[in-house]
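Throughout, read-outs are computed from the coordinates displayed, never taken from laboratory work. Fair warning: this is a prediction, and the values are worked out from it, not measured in the lab. Please note: Cβ atoms are built from the backbone with ideal geometry, for glycine as well, and neighbour counts cover all protein chains shown.
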Amino acid sequence: MNKIRFGVLCPSEIAFRRFMPALKKIDNAEFIGIAHADEEEWFGSINSSHDLTVLEIDTNKAKTFIDTYGGKLFNSFKELISSNEVDAIYIPLPPALHYKWAKMSLEHHKHVLVEKPSTTSYAYTSDLISIAKKNNLALHENYMFNFHSQLDSIEKIINDGILGEIRLYRIAFGFPFRGANDFRYKKKLGGGALLDCGGYTIKLANRLLGRTSKLIAHHLNYKDDFEVDIYGSGTLMNNDGQTAQISFGMDNAYKCELEIWGSKATLITDRVLTAPDSFEPTISIKDNSSIREIKLPADDSFKKSINYFINCISSNKIREDNFDKILLQSHIVDEFKED
């Protein structure tokens, strides 16, 4: 297989700090360049009355990106998307912008790796997948934690019967307020706790419960002076009656925890959704008489997520399986929005 030539749409922090270091470790991937938005793409129209400060900052960030990682500077998103030098587009934009630029990329016959969530609605996500299928392209939603080996270790513990019969999964992810200017608190950019930290908890619940996972209860909470949901909770269940309780928020004390309550023992671990590549996770297994701690190896989940995306490009079977997982995730997120 030839190297997959990547272009990055926007010099975001996650692209600079996480994506590029991971990409550089992959032998069959090549970084071609990065694009910053032009004035029309940033503001929606070309108008000299616009305050161009934010656009200048974005352009300077893109130049710093090139100084650090090499590659070519593209002076608009459209220039990158239409380039014959690029096979795949990485999109680390705010959620509300995912659909527009992922759709344009797919229509230009580019594979798309998009940051989570795939889009802000099931209808948009379904449309992207339809275009990807039509053009024989890969679309991957970058919930990178899902590729960390700690989850394989946890599932082995479950399957080996160490916990006994599973009574309950409990998943919590929340963090302190990040500041009003953060995109997570802006409705027009696709903000809200559900689309951000909530999506992580749903993704893990879906993995643990399997393809028959469905939402049976949910609630989103709002606060005065905020236009988006700030925290929430819900319950999911599969056809076997296994249940996952999820909670999330972005004005909370920090928590990133998985608890699995079994008939014989309980498993607890933290950083299950946010482990960096140098972090060695620890899981605790508590039964009626003892507590046992198991140290797990560090893992580069971002690199493995990119590798999975490349596998989607080369394998129709893997690609179709991934489409099903993306649709399940988007469907449950949409249901969460309903009163």
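Can you check what the net charge comes to around PRO276, using other residues whose Cβ is under 15 Å from the Cβ of PRO276 (Lys, Arg +1; Asp, Glu -1)?
0
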Set of aspartates and glutamates near LYS134 by C-alpha distance (under 15 Å), chain-local residues within fewer than 8 positions excluded: GLU107, GLU320
Using alpha-carbon coordinates, inclination of helix 301-314 to the longest axis of the chain, degrees: 70
Using only Cα atoms, locate the centre of the stretch 173-205 and the centre of the stretch 222-268, then give the distance between them in Å, rounded to an integer. 14
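Report the net charge of residues surrounding PRO95, where surrounding means a beta-carbon distance below 12 angstrom and charges are Lys +1, Arg +1, Asp -1, Glu -1.
+3
Scale the Cα Rg of the stretch 154-291 by the rule-of-thumb value 2.2 N^0.38 Å and send over the ratio, two decimals. If you can, show how the numbers build up before the last one.
Working: Rg = 16.2 Å, N = 138, 2.2 N^0.38 = 14.3 Å.
Relative to the rule-of-thumb radius for its length, the stretch 154-291 sits at 1.13.
So what's the net charge close to PRO11: Lys and Arg +1, Asp and Glu -1, counting the other residues with Cβ under 9 Å from its Cβ?
Here the charged neighbours net out to 0.
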For LYS295, which lysines qualify as cross-link partners when the Cα separation must be under 16 Å and same-chain residues fewer than eight apart are set aside? LYS156, LYS286
Everything considered on the Cα gyration tensor (a ≥ b ≥ c; rounded for a/c under 1.5, else prolate if a/b is larger than b/c, else oblate), the stretch 266-339 must be described as oblate
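Let me have the 222 nm mean residue ellipticity of the chain computed from DSSP H runs of 4+ only, each contributing -39500 (n - 2.57), with the sum over all residues rounded to the nearest 500. Write down the numbers at each step before the final one.
Details: 10 runs with 112 residues, N = 339.
Computed ellipticity for the chain at 222 nm equals -10000 deg cm²/dmol.
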Straight-line reach from LYS255: which lysines fall under 18 Å, measuring Cα to Cα and dropping same-chain residues less than 8 apart? LYS203
Using the basic label-point model (7 angstrom from Cα toward the beta carbon), what is the ALA180 to ILE14 distance in nanometres? 2.5
Here the relative contact order (percent) of the chain, from C-alpha pairs under 8 Å and at least 6 apart, is 17
